[in-house]
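Asker: Please read through the structure below; I'll follow up with questions.
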Amino acid sequence: MTAPGGKQKWVSFFLLSMTGGVIFQVAYIRFVYLGPTARALELTSQDYGNIVSVFGIVAMVMYFFGGWFADRYPPKRLIVIALAGVGVLDLYLSLAPGYLGTLAAHVLTAVLGMGLYWPALVKAIGMLGDSSEQGRLFGFLEGVRGIVSTVVGFAGTVVVSVAVAESAGVLWLIRVYGLLCFLLAVSIGVFVKENREQLARLGSSSVTLRQLLAAAKNKYTWLIGLTAMLMYCFYTTLGYFSPLLEHQYGVAAAMIAVIGVVRTYVFQFVAGPIGGVVVDKVTRSSPRFLRWMFAGSAMIALLFLVLPRQPALAWVALVLMFVLCFMVFASRGVYWATIGEVGVPESQRGGVIGLASGLAYLPDAFLPTLAAWWIGDPDASPAVPERGGGYSALFAFLLVTALLGLVMTTLTLRSRRRDLADAAAAEPASDPAPVESS
């Protein structure tokens, strides 16, 4: 993209950031319209859950190959191809192509989104500023993505609400998202400029096998990756709160989509920055902050487990869900800060991030299928028995997940404390580094 400074820089930045609020809308539409999407695509809830799990598996694999594409092709070209390709796939999905067609579309979306688009976007945004601006650029990237996702999400609720049938509205919404992808692809192609000399100077983005093997020997890779994975379990299951609120707590159907947008997008740009400030100013440690979040998440999972599912308690369930959302989104950006905090050497960070990310997003590969088995048809009548334990099984799983998160964050704090003590003992002549308490 262009060199730092000037109007062109900010035009490029806002256009690139806006793409992040659109390109994954259909892939993650279940967070707002779980049951209606399955019906619109003429799938059972179990079939849709299985397809989403396959999407998660492919996305996880493509994460490791994405750097290879970003190293060999200009990021602008990759972003335009990915946007146009996802636009085509969205329009294809709006035809309700059946199980195999929907599966193929999700697999290709994962390839385009995680293999081509995401690493290219990271490189493109990084090129817009020098080292002193990277934090602000990527912080504002998340903010703009969240705002665009919120605006698009609320507009989507209007599209769905005016449709004769909710499932028909979802298909029209998928078409709108596809057209927005095309519009942004054209905008990026026309208005975003590339600096080929700057591109030639950039280092490699891909993670080598040697880096991954070295990362596998680092204890913090596993502690950070498992911590992120456990919190991501909460994020992956947020979409299943919509049928819970509607069918078991009696929340009006007209409010479910609005609640889904707030839950999925508003907290993205509200809670994330607050979590970062709390880490910097209060806990001064991301693992300690995450331990707070896991403790709170465990309490909420336990409350959901014992709370009677009665319409009179709908407001309690809604408040608990929003508090949980705040903790989940406040944690999402913070757990990667642990990499720098525990002193992972710069030369090892690529491998640690790569392997830890593979662990972190693992829930996308199995939880949609598992949750679909537990709950069955998300739009079924409360009189229909839930399979596999239903929501009780889901909240019991989340409670265990949160307790394991407490263990992982405590181990991280204690490992860091031992490392600092060992370093201080090895250099008696120097001032000892402060030892963090667990």
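The values are calculated or read from the model by the stated rules, or taken from the named source; none is laboratory data. Since the structure is predicted, the reported quantities are computational estimates derived from the model, not experimental observations. Don't worry about glycine lacking a Cβ; one is built from the backbone with ideal geometry, like all the others, and counts go over all protein chains shown. Quick note on the areas: whole protein, heavy atoms, side chains included, nothing else; ligands and nucleic acids left out. Shrake-Rupley method; radii C 1.70, N 1.55, O 1.52, S 1.80 Å.
Asker: Calculated from the structure, mean projected area of the Cα convex hull in nm² equals which of [x] 23.9; [y] 21.6; [z] 27.9?
Answerer: Given [x] 23.9; [y] 21.6; [z] 27.9, the structure-derived one carries the label [y].
Asker: Residue separation times 0.36 nm, minus the C-alpha to C-alpha distance between SER415 and TRP172: what's the value?
Answerer: Values: separation 243, 0.36 × 243 = 87.48 nm, distance 5.18 nm.
Contour length minus Cα-Cα distance gives 82.3 nm.
Asker: Span-like helices, the chain: DSSP H, alpha-carbon axial extent 24 Å or more, mean Kyte-Doolittle 0.0 or greater, which ones? Mind dumping the intermediate values first?
Answerer: Details: long enough: 45-72 (39 Å, 0.69); 75-93 (26 Å, 1.51); 134-161 (40 Å, 1.08); 166-191 (37 Å, 1.82); 219-236 (25 Å, 0.87); 286-306 (30 Å, 1.33); 314-332 (27 Å, 2.22); 390-426 (54 Å, 0.89).
Within the chain the helices that satisfy the rule are 45-72, 75-93, 134-161, 166-191, 219-236, 286-306, 314-332, 390-426.
Asker: How big is the dipole moment of the stretch 236-332 about its Cα centre under a simple scheme where the beta carbon of each Lys and Arg is +1, that of each Asp and Glu is -1, and everything else is neutral? Debye, nearest 20, please. Please list the in-between numbers first.
Answerer: Details: 7 positive and 2 negative charges, 68 e Å.
Magnitude of the dipole: close to 320 debye.
Asker: Over the stretch 1-76, what percent of the accessible surface lies on carbon and sulfur atoms, probe 1.4 Å?
Answerer: The nonpolar share, carbon plus sulfur, comes to 69 percent.
Asker: Still on this structure: Of PHE24, TRP172, VAL352, whose Cα points farthest to the positive end of the dipole of the chain (charges on the beta-carbon: +1 Lys, Arg; -1 Asp, Glu; origin at the Cα centre)?
Answerer: Looking along the dipole axis, the top candidate is VAL352.
Asker: Grab the beta carbon distance between SER161 and THR44, set R0 = 30 Å, and tell me the FRET efficiency rounded to 0.05.
Answerer: On the way: r = 25 Å, r/R0 = 0.83.
Efficiency for this residue pair is about 0.75.
Asker: Let me confirm the definition first: pairs of Lys residues in the chain, 8 or more apart or on different chains, C-alpha distance under 30 Å. How many are there?
Answerer: Value for the chain: 13.
Asker: Let me ask you something else. Before anything else, pin down the relative contact order of the chain: Cα pairs under 8 Å, at least 6 apart, normalised by residue count, whole percent.
Answerer: Working: 639 pairs, mean separation 109.0, N = 438.
Here the relative contact order equals 25 percent.
Asker: Would you please put 284-291, 156-163 in order of how densely packed they are, using the mean number of other Cβ atoms within 10 angstrom per residue and starting with the highest? Walk me through the numbers on the way to the answer.
Answerer: Details: 284-291: 23.2, 156-163: 16.6.
Averaged packing, sorted descending, gives the order 284-291, 156-163.
Asker: Using the heavy atoms of the protein chains alone and a 1.4 angstrom probe, what is the accessible area of the chain per residue in square angstrom? Could you put the intermediate results ahead of the total?
Answerer: On the way: 18410 Å² over 438 residues.
Result: 42 Å² of accessible area for each residue.
Asker: Points 7 angstrom from Cα along the Cβ direction at LYS217 and VAL61: gap in nanometres?
Answerer: If labels sit at LYS217 and VAL61, their model points lie 2.9 nm apart.
Asker: Compute the FRET efficiency between VAL11 and MET255 as 1/(1 + (r/R0)^6), taking r as their Cβ-Cβ distance and R0 = 35 Å, and round to the nearest 0.05. Intermediate results must be reported in sequence, preceding the final value.
Answerer: On the way: r = 37 Å, r/R0 = 1.07.
After rounding to 0.05, the efficiency reads 0.40.
Asker: Shifting gears a bit: Report, in debye and to the nearest 20, how large the dipole of the chain comes out about its Cα centre when Lys and Arg carry +1 and Asp and Glu carry -1 on their Cβ. List each step's numbers first, then the result.
Answerer: On the way: 30 positive and 23 negative charges, 131 e Å.
The calculated dipole for the chain is roughly 620 debye.
Asker: For a protection proxy built on the mean count of beta-carbon atoms within 10 angstrom, sort 33-41, 263-271 highest first, please. Please list the in-between numbers first.
Answerer: On the way: 33-41: 24.9, 263-271: 21.6.
In decreasing order of mean packing, 33-41, 263-271 become 33-41, 263-271.
Asker: Per-residue counts of other Cβ atoms within 10 Å, averaged by peptide: what ranking do you get for 72-80, 109-117, highest first?
Answerer: Working: 72-80: 19.4, 109-117: 24.1.
Packing proxy ranking, top to bottom: 109-117, 72-80.
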